[in-house]
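Below: one structure, written as structure tokens.
FYI, it's all coordinate maths here, none of it is from the lab. Quick caveat, the model's predicted, so the values are computed rather than measured. Glycine gets a Cβ as well: all are built from the backbone with ideal geometry, and neighbour counts include every protein chain shown.
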Amino acid sequence: MSEIPLISERAQKNKFSDETGGCHAMALEKKKWFDVEIPLLRMKVKLIAYAIEELNGRTIKLDLTRVLRGKSLEAIVKIKVIDGRAEGTVSELNLLGFFIRRMMRNNISYVEDSFSLETLDSTMRLKPFLITRKRVTRAVRKALRDTAKTYLEEYAKDATSEEIFQDIASNKIQRSLSAKLKKVYPLAMCEIRMSKVESMKEGVIIEKTRVKKARPEDIEENEPKSQIEEIEEELAGREETETEEKTQAEETEEKTE
């Protein structure tokens, strides 16, 4: 029958024997604070451990509400230690539930979806969440859901997972998606409730100095205009012609006098 050790492994390491064979306890090893850089969020956090190697593979959660000035976003970061330097990479972004509940109202409709899409270096899962200004029919909700999915798939096709996370944190994707869906039905809120890296592609090397292709929001001016925009432009053109005609009539009256 094996004996149960009464001293833990760490305590055994902190003891030594002198020449007479006596055992003296050393001072317990103290934990230290180590800096962890997160380039995507442009921030540095401190974590406590006995050695920096213990941080390798650790996962932490960060509340980005203060960093994003009120937007309640939570980041899940995985830490890697390379050459004695700890660096964190964002693997998931979640919009906190109370932020969505605060936006809910009566006589509205909400649209949500969940799908996987391919980026240049990974497979990601996105969950968009939309709130309309008024209650809409099922056909409108389906049109919003399908338009959002096709738009995000085209958006992610020429981007890396890091760029997707960065655009979500800076609200860039949400603004461009809202402008696209406005032609289907105006929205009160357009958010990405969850974005997560499901798997990374092996053997894919992305150059940091690569030239980015034009994003959908950059070429939005070349898209066909909606009926509302055409009517507004037509009314603006009529107002300009009316003002020109009035000024010409006034000038002719002054000449005749």
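Summary of computed values
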{"item": "Stretch gain in nm, segment Lys183-Asp113, where the contour uses 0.36 nm per residue and the Cα spacing is subtracted", "result": "23.3 nm"}
{"item": "Two-site label geometry, Ser72 and Ala51: point separation in nm, points 7 Å out along Cα→Cβ", "result": "4.1 nm"}
{"item": "Pairwise FRET efficiency - Ser170 versus Glu202, Cβ, R0 = 25 Å, nearest 0.05", "result": "0.30"}
{"item": "Built amide H within the under 5 Å cut-off of Leu120, gap 5+", "result": "Ala159, Thr160, Ser161"}
{"item": "Derived scalar couplings ³J(HN,Hα) [region 94-102; Karplus, 6.51 cos²θ - 1.76 cosθ + 1.60; whole Hz; x for Gly, Pro]", "result": "10, 8, 5, x, 5, 5, 6, 4, 5"}
{"item": "Relative exposure of Thr119, Thr137, judged by other C-beta atoms within 10 Å (fewest first)", "result": "Thr137, Thr119"}
{"item": "Number of Lys pairs (Cα under 18 Å; 8 or more positions apart or on different chains) in region 31-95", "result": "13"}
{"item": "Cα→Cβ-extended label distance, 7 Å offset, between Lys30 and Arg102, nm", "result": "4.1 nm"}
{"item": "Derived scalar couplings ³J(HN,Hα) [region 184-191; Karplus, 6.51 cos²θ - 1.76 cosθ + 1.60; whole Hz; x for Gly, Pro]", "result": "8, 6, x, 10, 8, 8, 9, 9"}
{"item": "Förster-model FRET efficiency, 41 Å R0, Glu37 and Ala143, C-beta, rounded to 0.05", "result": "0.40"}
{"item": "Residues Tyr110, Tyr50, Tyr151, sorted so that the one with the fewest Cβ neighbours within 10 Å comes first", "result": "Tyr50, Tyr110, Tyr151"}
{"item": "Met43 long-range amide H proximity, modeled H, under 5 Å", "result": "Ile38"}
